[in-house]
Structure formats: C-alpha cells, structure tokens
Amino acid sequence: MLKPNPKFTDFLVLFGSLQPFHSSASETPSHRPNQPPHIPHQQRPPVVVPGTLDFPSQKPSGLGAVGYGNTVEINFCVSCSFKGTAVTMKKMLETAFPGLDVVLANYPPPAPKRLLAKVVPVAQMGVIGMIVAGDRIFPMIGIAHPPAWFNSLRANRFGSMASTWLIGNFLQSYLQSSGAFEVLCNGQLVFSKLKEGRFPGEIELRDLISKTLTKPSIVTGSYRSSIISRKEIST
C-alpha cells in the first residue's frame, strides 16, 4: 500500500483550512422587509442670496430741536411786493427747524421819506382841486389873473387830473418803499438786502440760521419776550 506524500498532504491541509474571503465592499446589505431601500441623499447646491447694495444714507442733521425757543424776524418792504418771497422763506425755515417762530414785519423807510410820503397826497389833491376850481380860488387869494401854467392845465382838464393822480401815486409808492429784506435771528442780523443788494437763497438762508442757532453763546429770552409783546400790541 502506497503512503501519501507528506508534502502533498500538508498542501491539502493548508488549502482546505482556508475559507473563502468576501470583501465587505462586495457584500450586499440585507434589507429589512418593512424598510425601504436606502437612497443616498444628494448634496444640494448652496443657495446664493443676492446681496443688497448699501447706498450712503443721509445722516440726520439734528437741527430740528434747535428751533424751539428761538425767533427769526423777516423785515421786508411791503410796498415793494416782497411778501411772496418772505412767505416762502417763512415756510422753508419752519420746515427745516420745527418749533422756530418766524415773524414777518414791514421794514419802514427812513423818516424823511416817510414825511414826504405823507405830504404827497395833500399836494396831489391840492393840484386836482386847483384844476377843477382854480378860476374861483385865485381871486379868493388875491390873484386876479391866473398864471399861464394854470391855463395850460385847464385846457386839458381830464388829462391833467389823470397825470397828477398817476404821478402822485408813483411818488408816494417810491417814498414808502425801503427796498429792504432783512433777516434777524434772535435780534442778530443774519442777512441784509440793503447791504448785499440781492435776495438770499433758500439754502444760503437755512445755513446762516443754522450757524446762528448752534452758537453756544446765544441768548433768546429777552428778545423772544420783546417779539411777543410787539405782536400783541400789533394785534
């Protein structure tokens, strides 16, 4: 009887003891009957939110509260038709500085012009009366023969009276006008049309009032009380 070769026997024992190797990657996962098969989640792309453009916003000026307790007086020529400009400036300042008291008043002409303005209507009515009844007035004052200028005026009576009326009104308006547009803030002169020869711009006047109101040494009590008393007297 032949004996097996020990080397061959060792070879069979070696290979017979080896079990087949299964890779964990090749194994199919066992699924439970009540669970659905596992589906890998797909990675969603990142959501890009469009950014908003940041525009520089206007910084609050902080001048609104400065207007309380302060008074701006606009003295203008009433006979020069400056009232519309004064009212526009008043509304602008009240909007820019809430609480600011803006007072509108007439700026009178100098005393000599005011005196002459009162004389002109008297002379105007005197000339018209002379044209109408000069033939009876001159004998009453001791003039027997009226002067030549009276005869020329009397020749065109209606034209002479109309010319006298128009010239008198023009002179009276000129003498009553001052051409002023003066702006005062708490008694301090801020802008003068008599000095500058022009009207102030809205932005210019707002800046001037703002600089005056923000001065630390400004005193408003006595001036405000005087303005209030003046308004009460006028009313």
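When the inverse distances between all different Cα atoms of the range 117-201 are averaged and flipped, the Kirkwood radius reads 16.1 angstrom. Apolar share of the accessible surface for the range 79-184: 69 percent from carbon plus sulfur atoms, 1.4 Å probe. Packing, as the average of other Cβ atoms within 10 Å across residues, places the peptides 74-85, 102-113 in the order 74-85, 102-113, highest first.
The values are calculated or read from the model by the stated rules, or taken from the named source; none is laboratory data. A quick note: this is a predicted structure, and the numbers were derived from the prediction, not measured. Neighbour counts are summed over all protein chains in view; Cβ atoms, including those assigned to glycine, are modelled from backbone coordinates with ideal geometry. Accessible surface areas use protein heavy atoms only, side chains included; no ligands, DNA or RNA. Shrake-Rupley method; radii C 1.70, N 1.55, O 1.52, S 1.80 Å.
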